[in-house]
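Have a look at the structure below, then the notes.
The values are calculated or read from the model by the stated rules, or taken from the named source; none is laboratory data. Here the structure is a predicted model, which is why all the values come from computation and not from measurement. Note: ideal-geometry Cβ built from the backbone for every residue, glycine included; neighbour counts use all protein chains shown.
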Amino acid sequence: MDGHREIVFDTETTGFDAWGDDRITEVGAIELIDLLPTGRSFHTYCHPDRDISEKVTQITGITIEMLEREKAPRFPEIAQKFLDFIGDSPLIAHNADFDRNFINAEMERAGFDRLPQKRFIDTLKIAREKFPGSPASLDALCKRFGISLAGRVNHGAVIDSELLADVYLELKGGRAHKLDFGGGAANSVMASAREKAAQRPAPLTPRLSQAEIEAHAAFIESLGDKAIWAKIS
């Protein structure tokens, strides 16, 4: 597929210590082409081989019992599939250092190379530069841009990736960026279409009956001489 490919992704984990005892419990990623989702995605739960605290479960909705019931794979089992999906595309995450550390820690344990820092784009940093002093959490940015959070009961890797894709588009200039309202080729095509559609070659045949026309005229007359309709009818 032509166009600039990027991957928006998110992870859920057992905690904050990527290089210590904590592990990834969920990975979600979606493909963007020229800033817009294509419908291609990657998603998996991961068994962390350790407990998940009640506090973390309240945030993510993930429990060990759920992962065992779903027969969730260990990260080494899905590492190559994740690498195949992301390819060599830039990786977009909110607070990217957190997700990068967890992905790289898991990759290293699985015997793979770490992903270089230069591949990662951090929407948190972009938001803080664009809106200094304003809240820059994913929730806050969704509210700023009018992106609905209605379907988000818990933090989940897939739903957060979808929300972040919308936020990233807005941070990059919104849908006007995609439609090129600045005067590029897309704008020229739209202007040409408007010009062609500006005037019909022949007027449409009236669909009102004579009785309807007379009833309308009587109604306008009943409004009096100062009625606005008398001036424009």
*Among (1) under 16 Å from His94 (Cα atoms); (2) touching a residue at least 24 places away in the same chain (Cβ under 8 Å), where does Asn154 come up short?*
(1)
*Regarding Thr63, is this residue among the hydroxyl-bearing types (Ser, Thr, Tyr), modelled with pLDDT of 95 or more, within 23 Å of the chain's Cα centre (by Cα) and farther than 26 Å from Ala140 by Cα?*
no
_Checklist (1) at pLDDT 95 or above; (2) assigned to a helix (DSSP H, G or I) applied to Val189, failing item_ = (1)
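Every residue, every condition in (1) surrounded by 20 or more Cβ atoms within 10 Å (Cβ to Cβ); (2) within 22 Å of Asp34 (Cα to Cα); (3) modelled with pLDDT under 95, yes or no:
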| position | (1), (2), (3) |
| --- | --- |
| Phe131 | no, no, no |
| Pro135 | no, no, no |
| Leu138 | yes, yes, no |
| Leu141 | yes, yes, no |
| Arg144 | no, no, no |
| Gly151 | no, no, yes |
| Asn154 | no, no, yes |
| Ile159 | no, yes, yes |
| Tyr168 | yes, yes, no |
*Exactly one condition in (1) over 18 Å from Asn95 (Cβ atoms); (2) in contact with a helix residue (DSSP H, G or I) (Cβ under 7 Å, 6 or more places away or on another chain) is not met by Lys55; state its number.*
(2)
*Selection count where residues are of a type outside the set (Val, Ile, Thr) and either within 18 Å of the chain's Cα centre (by Cα) or over 25 Å from Pro76 (Cα atoms) (or both), scope segment 108-133*: 11
*For Ile103, are the conditions met, namely being among the aliphatic types (A, V, I, L, M) and either outside any helix (DSSP H, G or I) or farther than 28 Å from Pro73 by Cβ (or both)?*
no
